[in-house]
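Read the structure below first, then the notes.
The numbers here are math on the coordinates, done by the rules we state, and not lab data. Just so it is clear, the model here is predicted, and its values are computed rather than measured. Cβ atoms come from the backbone with ideal geometry, glycine included; neighbour counts cover every protein chain shown.
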Amino acid sequence: MDGVNYSFNGTGATVAAGELAIAPPAGPCDGNMTWCNSSVTASTWYTFVAPASGNVRIDGEYQAFDGQIAVYETSDCNDFNQYNLIGANDDFNLSGDDYVYLNLCGLTPGNTYYMMHDPNGAAGIYSLRLRDVVVEAGADNGLLDVCLGDIVDLNTQLTGADAGGTWSEDIPTAGFNDPI
């Protein structure tokens, strides 16, 4: 969870028996629980331990490789029937650089999670970076956890919201529908 870009080569990767059954469902390519299609062609697997915040950002922006990722929790890593999909992403940036990008919130700190990477096409060199997501805002305790899908009332949930000023979105990829 060091925020460093790591490069990997998926050439020669295959699909294990049972992996197709746990592929994320087909849906919006830029979704957080779906892939463009529900196929696995050359998977590689990694594990990570959830940080104390329980929030993780995974991206493949460094290589801009057209891949897809899925994150699972399981009680038995040798039994695909025990895998529970936590999040998935196929194409974050639909404008051409179709790298993976996924924010996961509410993970259990200290638990091990399993991440499958699969090319969306030909295997090759791709990058992955995992970072702890820390969103600081002016809440009573100094922090207000905000993640994709959360609804936050900036006027009632933040201390000093009536002090004036300008709201800004430091993480433009957070997906706000309207300007702040």
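Odds and ends about this structure:
- Mean separation of Cα pairs under 8 Å and 6 or more residues apart, divided by the residue count, gives the stretch 6-132 a relative contact order of 38 percent.
- Cα→Cβ-extended label distance, 7 Å offset, between residue 52 and residue 73, nm: 2.0 nm
- Distant-in-sequence amide H partners of residue 67 (H built 1.01 Å from N, under 5 Å): 100, 120
- Backbone phi angles across the stretch 27-42, fed through the Karplus curve with coefficients 6.51, -1.76 and 1.60 (θ = phi - 60°), yield HN-Hα couplings of x, x, 4, 9, x, 10, 9, 9, 10, 4, 9, 9, 10, 10, 10, 7 Hz in residue order; Gly and Pro are listed as x.
- Residue exposure proxy: 79, 66, ordered by other Cβ atoms within 10 angstrom of their Cβ from fewest to most, comes out as 79, 66.
- Theoretical FRET efficiency, 1/(1+(r/R0)^6), r = Cβ-Cβ of residue 45 and residue 132, R0 35 Å, to 0.05: 0.95
- Legend: ranking of residues 69, 125 from fewest to most surrounding C-beta atoms inside 10 Å; resulting order 125, 69.
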